[in-house]
Number of protein chains: 2
Amino acid sequence: MSRTRVHNFSISLDGFATGEPQTLETPFGHAGQRLHRWMMATRFWDENGSDGIDNAFAQRHSEGIGAEIMGAHKFGPPGWQDDPEWRGWWGDNPPFHTPTFVLTHRPRPDLVMDGGTTFRFLSTGPAEALGIAREAAGGLDVRIGGGPSMLRDFLAAGLVDHLHLVVVPIILGRGVRLWDGLEGVEADYDVETVASPSGVTHLTFTRRSAQ
Amino acid sequence: MSRTRVHNFSISLDGFATGEPQTLETPFGHAGQRLHRWMMATRFWDENGSDGIDNAFAQRHSEGIGAEIMGAHKFGPPGWQDDPEWRGWWGDNPPFHTPTFVLTHRPRPDLVMDGGTTFRFLSTGPAEALGIAREAAGGLDVRIGGGPSMLRDFLAAGLVDHLHLVVVPIILGRGVRLWDGLEGVEADYDVETVASPSGVTHLTFTRRSAQ
């Protein structure tokens, strides 16, 4: 059965998935690269990177994924909807390699990129977007790509089957929190936790009914 | 050198150290015992309890401690200052066994309890309270007892040398947060993280200059 999965979603110890402000130069605000340094040090990201526990988790990002859904804040900085030339942060060959659905109130025509990524723009809610992405995924899983606001919506709607979360031991103090409005969400999941020698902690939330 | 230490300080994955509301019946609000179940399952708490990693951390609570400082919210429910008979939550023999300083704007006479605990009431700020507690500790360490508001004050003032934090994988959603106003506080500490088979994660923050 096609599942919805989240991978490599990194938050600070105080629960922020991004700092502030988000701009073209600082996609994660004052957090800079601190939330994702663990991932950039792995073989998944860099062929000379580490090949231990961090990489084992990181590389799951792509395995068995047939489509991604991302929020508007992940696709570009504030105001990208006003720039008809904006094609995402990732250059000509984005690291998705599947149909990739961008949730936005101002949809635009499909963007066909190199390497198999096609950005498609939807102005629907989470459940309808998931139906469309599932169909595009052709029986494979759908990755819920974030950022935090859209992930929160999908979690609140019960639409996430597997969540891989990475807690980085820094106190960001400000930004966008993941957990707001999600009291008790862990009740639907089996949760496992493991600390990595790199200093981050990996948590997996696996929906009981979807195992 | 006498250090200031925090032990067994438990927070939810979303950063709350207590739920709400705090009442006589529910000292941790809607969190109930969920933040401290890991500790109550150890030999430190229960002679038939576990004797692994959780207990190794838990029992450090008492080792080498000569005094504790706690906040008013730890000593009693809202309004305890209006009850001249209130003697804390812990019965005749509280688990402190040292001079124990309670920070409150309405001090009262010392309370001599069984087992070596004497509650003394101070209306000072963190630094002055620490000076008084250090003297009472006779060269031993001073435990910073919490709750979250007073711990936050001590962390912000740079008065914590060692912090043992326990992250419990639940989303409380509301209550009192530990981290507010503490952006970047980790920069002064060496941080280690280890996951326990019980499901909680232990973090230690050890001040670099105090090692």
Label points for B:L140 built 7 Å along Cα→Cβ; distances to same position in the other copies, nm, shortest first, come to 6.2
Karplus ³J(HN,Hα) for segment B:47-52 (6.51 cos²θ - 1.76 cosθ + 1.60, θ = phi - 60°; Hz, whole; x = Gly/Pro) runs 4, 9, x, 6, 10, x
Counting only residues 5 or more apart in sequence or on a different chain, those whose built amide H sits under 5 Å from that of A:F101 are A:E68, A:I69, A:M70, A:R120
Here segment B:140-155 yields Karplus 3J(HN,Hα) values (6.51, -1.76, 1.60; θ = phi - 60°; whole Hz; Gly and Pro given as x) of 7, 7, 10, 8, 8, x, x, x, x, 5, 6, 5, 4, 4, 5, 5
For A:G91, inter-copy label-point distances (7 Å, Cα→Cβ), nm, shortest first, read 6.6
For segment B:62-70, Karplus-derived ³J(HN,Hα) couplings (6.51, -1.76, 1.60; θ = phi - 60°; whole Hz; x for glycine and proline) come out as 9, 5, x, 9, x, 6, 10, 10, 10
Residues other than A:T193 with Cβ under 14 Å of its Cβ, Lys/Arg counted +1 and Asp/Glu -1, net out at -4
Convex hull around the C-alpha positions of segment A:4-210: the volume in Å³ per residue is 120 Å³
Most fluctuating of A:G125, A:G116, A:G181 in the GNM of chain A (C-alpha, under 10 Å) is A:G181
Descending packing, highest mean Cβ count within 10 Å first, for B:70-78, B:7-15, A:89-97 is B:7-15, B:70-78, A:89-97
For B:N8, other-chain or 5+-apart residues with amide H closer than 5 Å (H placed, Pro excluded) are B:H164
Mean other chain Cβ within 10 Å across A:136-147 is 0
Shielding of A:165-175 by other chains, given as the mean Cβ count within 10 Å, works out to 5
Semi-axes (Å, rounded, descending) of the ellipsoid equivalent to the protein assembly as shown per its C-alpha gyration tensor are 46, 20, 20
For the protein assembly as shown, the charge dipole (Cβ of Lys, Arg +1; Cβ of Asp, Glu -1; about the Cα centre) points to a positive end, and the Cα of B:T204, B:F101, A:S198 closest to that extreme belongs to B:F101
Across B:177-186, the residue-averaged tally of Cβ atoms belonging to other chains within 10 Å stands at 5
With one decimal in nm and the nearest listed first, the spacings from A:V112 to its own position in the other copies, using label points 7 Å along Cα-to-Cβ, are 8.9
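Throughout, read-outs are computed from the coordinates displayed, never taken from laboratory work. Note that the structure is a prediction, hence the values are computed from the model and not measured. Note: ideal-geometry Cβ built from the backbone for every residue, glycine included; neighbour counts use all protein chains shown.
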